[in-house]
Amino acid sequence: MSLDSLDPEIYANTRGADLAKVVENIQHLIRLAPSTVNIDISLMNSNVQAVSEKESRLFHETFGTHENVKLHRVENGLFPLADADFRVNPSKTGSCFTTACYLPVMWDGRVALCCLDQDVQHPLGNLNENSISEVWYNKTNQGILFKLALGEPGCPDYCVQHCVMTIDPAVHKLSDSEIRVWRAQKLLQIANTISEEYKYFGLDPEFFIQRARDIAPSDLELGKKEEDDCQQSYQANFTGNDQVRSENFLKTSFAFLVRKLSK
């Protein structure tokens, strides 16, 4: 649940609703829910609030301490049809794989493109008419998710005109073979930058590495040495408690593609 803030005034300004009633309903849910049901409650860093230890203490005072109830700190996103932008750092992005992490279902069965599409401006389907699997694996829907993840032309206008997506103009000039190389590079870049938040929802960097190998032109396939280098760099930079991030993995992966391209 996205609560935004435990400050009644901030909540009223951002959501236009009564915080006390929302908190009461959440507390009632916590009492009803079995311990096997995880309840994630989001407080958001925004340009009107920074989630600090003070807010964390207030959270536990309000909802108590339960194994299945967790505070989830998130950065305030851009809600395309909201009256204001509450993000700390307003910016555009060249890829968006939020849509690959969620399947937002509205009260009436409509499936939205993402959790920010609260008014279902870009519906993916309706669960009164099709199953979850049919909606998710629909060929058109999968194509949209792929284009959004890579930032390719053909992304929904809703995402480009009203949300944070931006398309690299250079992509329009690429040939068919060049676009495949570009896709492989972008997938490797994504693998190197997946945040802990997305890993929490099941996105695995290895999936993007394998996808890059699958779609690269045959004369650009990674050789055994390059694959070993990728794996070693991945292990070095994405395992361990520190979760150290560096550019080594990205450079190692790109180096082979660049050598092939320059021949």
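The values are calculated or read from the model by the stated rules, or taken from the named source; none is laboratory data. Keep in mind it's a predicted model, so treat the numbers as computed, not measured. Side chains included, ligands, DNA and RNA excluded: accessible areas come from the protein's heavy atoms. Shrake-Rupley method; radii C 1.70, N 1.55, O 1.52, S 1.80 Å.
Measuring between alpha carbons in the structure, the pairs from Lys54/Lys186; Lys92/Lys186; Lys70/Lys186; Lys147/Lys173; Lys139/Lys173; Lys21/Lys92 lying more than 28 angstrom apart are Lys54/Lys186; Lys70/Lys186; Lys21/Lys92.
For the range 115-161, the convex hull drawn through the C-alpha positions has a volume of 86 cubic angstrom per residue. Scaling the Cα radius of gyration of the range 91-210 by the globular reference 2.2 N^0.38 Å produces a ratio of 1.09. Per residue, the convex hull spanned by the Cα atoms of the range 26-98 measures out at 134 cubic angstrom. For Asp176, the accessible surface of its heavy atoms amounts to roughly 130 Å² (probe 1.4 Å, protein chains only, rounded to the nearest 10).
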